[in-house]
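To start, the structure itself, in structure tokens.
The values are calculated or read from the model by the stated rules, or taken from the named source; none is laboratory data. A quick note: this is a predicted structure, and the numbers were derived from the prediction, not measured. All Cβ positions, glycine included, derive from the backbone under ideal geometry; neighbour counts span all protein chains shown. In case anyone asks, the SASA skips ligands and DNA or RNA and just uses the protein heavy atoms, side chains included. Shrake-Rupley method; radii C 1.70, N 1.55, O 1.52, S 1.80 Å.
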Amino acid sequence: MAANDTIADMLTRIRNSSLARHQKTSVPSTKMTRAIARVLKDEGFIGEVSEVGEGVKKTLAIDLKYTGKNRQPIIRKMKRVSKPGLRVYSNRKELPRVLGGIGIAIISTSRGIMTDREARRQGVGGEVLCYVW
């Protein structure tokens, strides 16, 4: 994995932590990771997100959510779509639907980072960052 792909790093950390049934995970805090965490929280995939640390060493502490008595992770799959080596863009007419609307696609648009649903509502396209379901 490329060291500068903060998004893939974030997805991997969340995926690994939820598979290991951890309560929390931390990812380096950047504008991008904060925005993605906000979308995931708004969509109910993760719990509280808080910023910890100072300056360059700031990290996001993310509370993971589980469901049922067996504590199944709410996030079943996270898939990176657009990578640094191969960017994937889609205009507003071709925005992907994830599992027929059960999952979300996180899109980076000119109006900020949002779900495919929100982008469709605002009529904007952008870079397809990842799928979450």
Would you please name the residue that is surrounded by the most Cβ atoms within 10 Å (Cβ to Cβ), looking only at residues in the range 98-112 that are more than 15 Å from Arg87 (Cβ to Cβ) and of a type in the set (A, V, I, L, M, F, W, C)? Ile104
Within the range 94-133, track down each residue that is touching a residue at least 24 places away in the same chain (Cβ under 8 Å) and more than 28 Å from Ser18 (Cα to Cα). Glu94, Arg120, Gly123, Val124, Gly125, Gly126
Report the residue count in the range 42-91 for those that are under 21 Å from Met32 (Cα atoms), open to solvent by 100 Å² or more (accessible area, probe 1.4 Å) and basic (Lys, Arg). 5
Residues that are open to solvent by 20 Å² or more (accessible area, probe 1.4 Å) and at positive phi: does the range 30-39 have at least one? no
May I ask you to verify whether Ile102 is among the aliphatic types (A, V, I, L, M) and under 19 Å from Thr12 (Cα atoms)? no
Can you confirm whether Asp116 is in contact with a Lys or Arg (Cβ under 6 Å, 6 or more places away or on another chain) and either at pLDDT 95 or above or surrounded by 13 or more Cβ atoms within 10 Å (Cβ to Cβ) (or both)? no
